[in-house]
Every structure is written in C-alpha cells, then in structure tokens.
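Below you'll find the structure, written out as structure tokens, and then a few comments.
The values are calculated or read from the model by the stated rules, or taken from the named source; none is laboratory data. Given the structure is predicted, the values throughout are model-derived calculations rather than measurements. Every residue, glycine among them, receives a Cβ derived from its backbone with ideal geometry; neighbour counts consider all protein chains shown.
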Amino acid sequence: MSHEAFGGEKRVLRGGKSSGDGTGWWRRGYAVAAGVLLMLLAASVAFSNLTATTRRGVNARVSVHEGPLLVKVIDFLHRHYQYDATAREITGDLQFERERVLAIFDWTRRNIRSTPAGWPVVDDHVLNIIIRGHGQAHQMADVFTTLSTFAGAPAFWRTLTPPDSEEPLVVSFARVESRWVMFDVANGIVVRNGEGDLASVEEIAADPHLLTRTAGTFQYLGVPYERYFYGFTPPTVPAVLRAERQMPWPRLIMELKEALGPGESAGREGHILWLVSMRRYRPDPEDPHGEQCGTPPPGQVKLPESGRC
C-alpha cells in the first residue's frame, strides 16, 4: 500500500525526517524500546553477577546461604504479593479495622497450628510458615502481625516474662481504630474491657483484672496468666515494623539508610523514620498538627498517653 492511501503526498521534514505515514515516529519508538530493553538486559546481567545472603534457622541453629541478588529481589516481591493477596482474601469486604483484625486472628488460629513435638523448628519467612501450616508461638504471632499490617492495622509482637519464670509469653499488639490492643494468638486470648470492646494497652495496664476476666484460671506453662503482666506498661512501638520490612518502600528506605552508614544517614534518619511512621500514626482530629506526638526519636516511637497519634 502506497503512502497516498494514508492521506496525501509524503513530505520530508527538515533534517531528513519523514512525515505523512508516521514511519519516523515508529522508528524512534522502536529505537527507544530497544534502548530500554538493552538497559533492562544490562541491569539483569549486572544483578545476576551480584550476590546476596539469606539466613535460615533450624532448631535455633542459623545457616547462611548465598545466591543471586536478582533471585532474592524476585522472591521478596513474590512474598509481598502473597501477603497482600492473603490479607485481602481473609478480610474480604470488611470495612472496620476491628473486624479485619479479628478475622485475621481467627484465620491464624485455624490455619497455623502448634508445631508437633519432635518436629524441627524452622525460622525463615512468614510465607513459609503459612505454607507449612504450623509454627511456634512467635511464628503464629509473626503470621498474625504481618497479615494484620498488610490489612491496614499495623501490628508487632513482644515477649513478656513473669518474675518467677524464665519462659516467655508471646503477645501481639495491633493498632485498631487509633488504639493499640493486645492479642495472644497461640492461646486464643483477646482481652476485652467492661463494655465488651477490645481493651487497649492503657486499659490493661490500669486494670490487670481484665486479664483474669478474660483468661479465668488459665495457666501458661504452669504460671497463672495474669502473672505475666505484673508491672505491664504500654509497649514501645518500633519505628519500622517487622511486617513493614516485607513492603517494598519501607524496605528500600531501610536498605538505603543502612547502605549510607551512620555518618551519611545520621542527618536523614529522623526524616526517614518519620515518613515511615506516618503511615500508621494518623493525626488526631483534635491535634491536627501533631503537637501531642511531636517528632519521633531515632529508632523508636513511644505511644502517647492517649494511644493516638
């Protein structure tokens, strides 16, 4: 088909570029596409020559494995997608944070069972715990807090040790509707206040008897449940949650900060932590400028007395 069929005589623009049939634009488009492809191929070759380490623990013995950085990046993105997809599947059309967190709590209880006695305890990725379908108390908490964070309710876990025992209790904390509340995934305990709502950490600290009303005479490893909470105070929230390290942007910020080193990143650390923490500390309508919370200190963010920020 001749160029006349496309609407007239073919013209030649200044500089020798043709017009009328669009071949000049197509050629430049192909050239750009080819250049991008070459850059991607070059990046792939560069990545394939870089290595990264992965740690895996079996029965508290950690082994280090080395492999291509490109493979590690692809695995990271795959896990991120699976966490997000799993959280969405569990929560469905649930609108409120309380409903979503409780749905994830129930799902974790149903799908992650205690590791049978005598089986090896493997510590690697949360996704592998989900696939295996079993884990210890801290691994159940890992699954719950990761999926909760991906569902929009930031969460983390801590251990509590009573004065007369060395065996810790693993408990999780999630921010539900501007309040941090506590969950014991392994033992299926959700603490509620006198109104039947989820008890905040401030309420638990002020009235330890809420634990007795919830747990009754339950003993964990032979120790009354309430004893694990002697002297309990609201926990300090990590500046970057463990689950957020499974998300591309917070992980990139963290890696860049570590790559810059203490000297280069010292001046940027407060800004980086503030940007990350703002994802979960929404301003209080009564304190829109954040004066109650102020600038979080490097490394950690302390909850204000109101539990809101």
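Restricting the first member to the range 234-257 and to residues that are touching a residue at least 24 places away in the same chain (Cβ under 8 Å) and polar (S, T, N, Q), and the second to residues that are surrounded by fewer than 19 Cβ atoms within 10 Å (Cβ to Cβ) and in a loop (DSSP other than H, G, I, E, B), the beta-carbon pairs closer than 7 Å and six or more apart or on different chains are T236/K302. Here the range 130-153 is the region considered, the condition is being over 15 Å from the mean Cα position of the chain (by Cα) and not hydrophobic (A, V, I, L, M, F, W, C), and the residue that is surrounded by the fewest Cβ atoms within 10 Å (Cβ to Cβ) is G133. Among residues of the range 151-164 that are within 13 Å of E226 (Cα to Cα) and assigned by TED's automatic domain parsing to the domain that holds H80, none has a beta-carbon under 9 Å from a residue that is acidic (D, E) and at pLDDT 95 or above at least six positions away or on a different chain. Residues in the range 154-198 that are small (G, A, S), modelled with pLDDT of 95 or more and surrounded by 14 or more Cβ atoms within 10 Å (Cβ to Cβ) were compared, and the one that is nearest to Y83 (Cα to Cα) is A155.
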